[in-house]
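Notes follow the structure.
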Amino acid sequence: MPASPRVFNVLFLCTGNSARSIVAESMLNLIGRPKFKAYSAGSQPAGRINPFALEYLAANRLPTDGLRSKSWDEFAWEGAPAMDFVITVCDNAAGEVCPLWPGQPITAHWGVPDPAAVVGSDDEKRKALSAVSRILRNRIRTLTSLPLEKLDRMSLQNKLREIGRED
């Protein structure tokens, strides 16, 4: 019987875990399956998903089952899914002292503007979320196209960091 293909676990981090990291989790779980399994969390979770993020996900037919704003502590304990990659999507989380992740995952920073911080009309908030989502989608597509099995750890680290500089 052939071995099951390797599944790579990815944790997207942001301070509030209400918009950017949630959108990235949903996108990778759709675009990257069955090779990737995405999760998201925050250092100071908002406790709810941004309503414009939920609206965006629904409008773009992205999965929302199981999505919730949660603490990164859920992924730092023994018995949590071992992450292959931990990616920060906001500058605040990138500068914070992160927990020690089981399994020594490869880390990268893919900072994007915070659509939840936009002050303005609902339409302006939707446009901000859409712009950020477009950047994340492009980066996620690049990630899913990498020949992961052929890259050594250092090369993979460099590729993930390069992806974070793409728009």
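The values are calculated or read from the model by the stated rules, or taken from the named source; none is laboratory data. Only a predicted model underlies this, so the values are computations on that prediction, with no experimental measurement involved. Note that each Cβ is placed from the backbone with ideal geometry, even for glycine, and that neighbours are counted across all protein chains shown. Ligands, DNA and RNA are excluded from the accessible area calculation, which covers all protein heavy atoms including side chains. Shrake-Rupley method; radii C 1.70, N 1.55, O 1.52, S 1.80 Å.
What size of dipole, in debye to the nearest 20, comes out for the stretch 1-128 about its Cα centre when the only charges are +1 on Lys and Arg C-beta atoms and -1 on Asp and Glu C-beta atoms?
420 debye
Which one of Gly111, Leu11, Pro34 is farthest out on the positive end of the charge dipole of the chain, using unit charges on Cβ (Lys, Arg +1; Asp, Glu -1) and the Cα centre as origin?
Value computed over the given set: Pro34.
Filter the cross-link list Lys127/Lys159; Lys35/Lys127; Lys70/Lys127 down to pairs whose alpha-carbon distance in this structure exceeds 27 Å.
From the list (Lys127/Lys159; Lys35/Lys127; Lys70/Lys127), the Cα-Cα distance tops 27 Å for Lys127/Lys159; Lys35/Lys127.
Using modelled backbone amide H atoms (1.01 Å from N, in-plane), which distant-in-sequence or interchain residues come within less than 5 Å of Thr107's amide H?
Val86
Of the chymotrypsin sites (Phe, Trp or Tyr not before Pro) in the stretch 46-143, which ones lie in a loop per DSSP and count no more than 10 other C-beta atoms within 10 Å?
Trp77
Evaluated at 4 °C with a viscosity of 1.567 mPa s, what Stokes-Einstein diffusion coefficient in µm²/s does the stretch 1-87 have when Rh comes from the Kirkwood expression over alpha-carbon pairs?
Answer from the Stokes-Einstein relation: 98 µm²/s.
I need the peptides 59-65, 154-160, 34-40, 126-132 ranked by packing, meaning the mean over residues of other C-beta atoms within 10 angstrom, with the highest value on top.
The densest-packed peptide leads the list: 34-40, 126-132, 154-160, 59-65.
Keeping the other protein chains in place, figure out the carbon and sulfur percent of the accessible area of the stretch 66-167, with a 1.4 Å probe.
Ligands and nucleic acids excluded, carbon and sulfur reach 50 percent.
Where in the chain lies the longest segment free of GluC sites (Glu not before Pro) that are both loop residues by DSSP (not H, G, I, E, B) and have at most 11 other Cβ atoms within 10 Å?
Here the longest segment lacking exposed loop sites spans 79-165.
If the viscosity is 0.692 mPa s and the temperature 37 °C, what Stokes-Einstein diffusion coefficient in µm²/s follows for the stretch 60-123 when Rh is the Kirkwood radius over Cα pairs?
Estimated via Stokes-Einstein, D reaches 231 µm²/s.
Tell me, what is the Rg over Rh of the chain, with Rh the Kirkwood radius over Cα pairs?
Reported Rg/Rh, Kirkwood definition of Rh: 0.95.
Over all alpha-carbon pairs in the stretch 1-40, figure out the percentage whose distance exceeds 16 Å.
Tail of P(r) above 16 Å: 37 percent of Cα pairs.
Using only the alpha carbons of the stretch 29-76, what is the convex hull's orientation-averaged projected area in square nanometres?
3.9 nm²
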